[in-house]
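Report on the structure given below.
Read-outs throughout are calculated quantities, based only on the coordinates presented, and are distinct from any laboratory measurement. Given the structure is predicted, the values throughout are model-derived calculations rather than measurements. Because the Cβ atoms are built from the backbone with ideal geometry, glycine has one as well, and the counts that use them run over all protein chains shown.
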Amino acid sequence: MNVMEIKERGLEFEQLESLPHDVLEFMYEQKLFKLFTANELGGQNLDLVEGIKVFQQIAALDGNVGWLVTIGTGGNAFIPAFSQEMCEKIFTPKNAVIAGSGYPTGVAVKVEDGYVVTGQWKYCSGSDYATTFTMNCLIEQDGVKTEKIISCCLDRQDVEVLNDWRAMGLKATASHTIRVNNVWVPQEATFQIGKIRNSYGNAVHTFPFTTFAEASFLSVCLGITENFLEEAFILIKQRNHDAHRAERMGALQFLLMQQQKHFKQFEKQFYTTLSVYWQKHQRDESLTEEELTQFTQMSKEIAAACIEIANKLIRNLGMDAITETAPINRIWRNLYTAAQHGFLTP
């Protein structure tokens, strides 16, 4: 298959509620889950801005695939945190993908040489094909639950997937709940973000994690909005032959041009800011708390602007806007779902 096929198969993905095998194989071949993984581990080793642009490009073809590439690649952030041996075991396979959750909704009981983990974690995108799962737990020691958090990783066979993802959009992301019951996790399978234990890391892995996540999810929203504007253009063009509605069509074309212009302004603002931050990071200059806060605010504002762009057009797009199988409706629902992530909501 080629990359443009992804765009044509969006309805198929949604109806299957997962990605077909041939699409996953294509993603493995193109190393789309390994954008920030070292070449030695079979990855592309892209720089931050290059990788974020790929997230947007894929999301502009299909929101589900863009989201899954972003989430799967996000697992690359953990690469430096493992011993060399564990890192190679987890990340070298061609089909290596991490899914998981950052919420500490599990308990890890301290035992000799590791922990016994029990818990449930929601919204683990990619859970139907992930090879490794990561989760955060509160540590229990000597029968007392502490406020200390430990990050753990488990092989697929030790994790139960509950198949409970029922959102209105991004239906093919398999963002299910996972469950673990009294599974032993060896000490070497625990990790701490920011701790460097091997030489496979690059500058992306030391970039502030929250800012990395905000940029990642916002790029998906930008890609889906780009897709929405393209589909709106097609629908408006199809109606242009109706002479009786010429005045209305002219107003609608003007509205579309306005929203396209706004979109380009927000896109430029995002990449200009991200590039400045990335260049500063590459010079080993720390980003200030004020800069990090400004980026958070900008990400939330642009995500809200993407929603507003879509909403200003959707009321004018007729019955396609409310027909679930219509591309414009599916794209709109995917955008709303993506923008609902905690990093992007007010």
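Per-structure values
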read-out: Cα-based helix-to-principal-axis angle, 63-74 vs the chain, degrees rounded to 10; value: 30
read-out: Inter-label distance, nm, simple model (7 Å from Cα along the C-beta direction), Lys264/Asp284; value: 4.1
read-out: Potential extension, Asp22-Ala304 segment - 0.36 nm per residue separation minus Cα distance; value: 98.1 nm
read-out: Coordinate range along principal axes, alpha carbons of the chain, Å, largest first; value: 79, 44, 39
read-out: Cα-based equivalent ellipsoid of the range 113-153: semi-axis lengths in Å, sorted from largest, via gyration tensor; value: 24, 11, 8
read-out: Inter-label distance for Tyr103 and Asp164, nm, one decimal - labels placed 7 Å from Cα along Cα-to-Cβ; value: 1.0
read-out: Residue range of the chain that is longest and free of GluC sites (Glu not before Pro) which are both DSSP loop and sparsely packed (at most 13 other C-beta within 10 Å); value: 113-284
read-out: Burial ordering of Val97, Val144, Val159, fewest other beta-carbon atoms within 10 Å first; value: Val144, Val159, Val97
read-out: Calculated [θ] (222 nm, deg cm²/dmol) that DSSP helices of n ≥ 4 give over the chain, each run adding -39,500 (n - 2.57); value: -15500 deg cm²/dmol
read-out: As computed over the range 100-205, the Cα convex hull volume per residue (Å³); value: 125
read-out: Whole-number Å³ per residue for the convex hull built on Cα positions in the range 162-307; value: 169
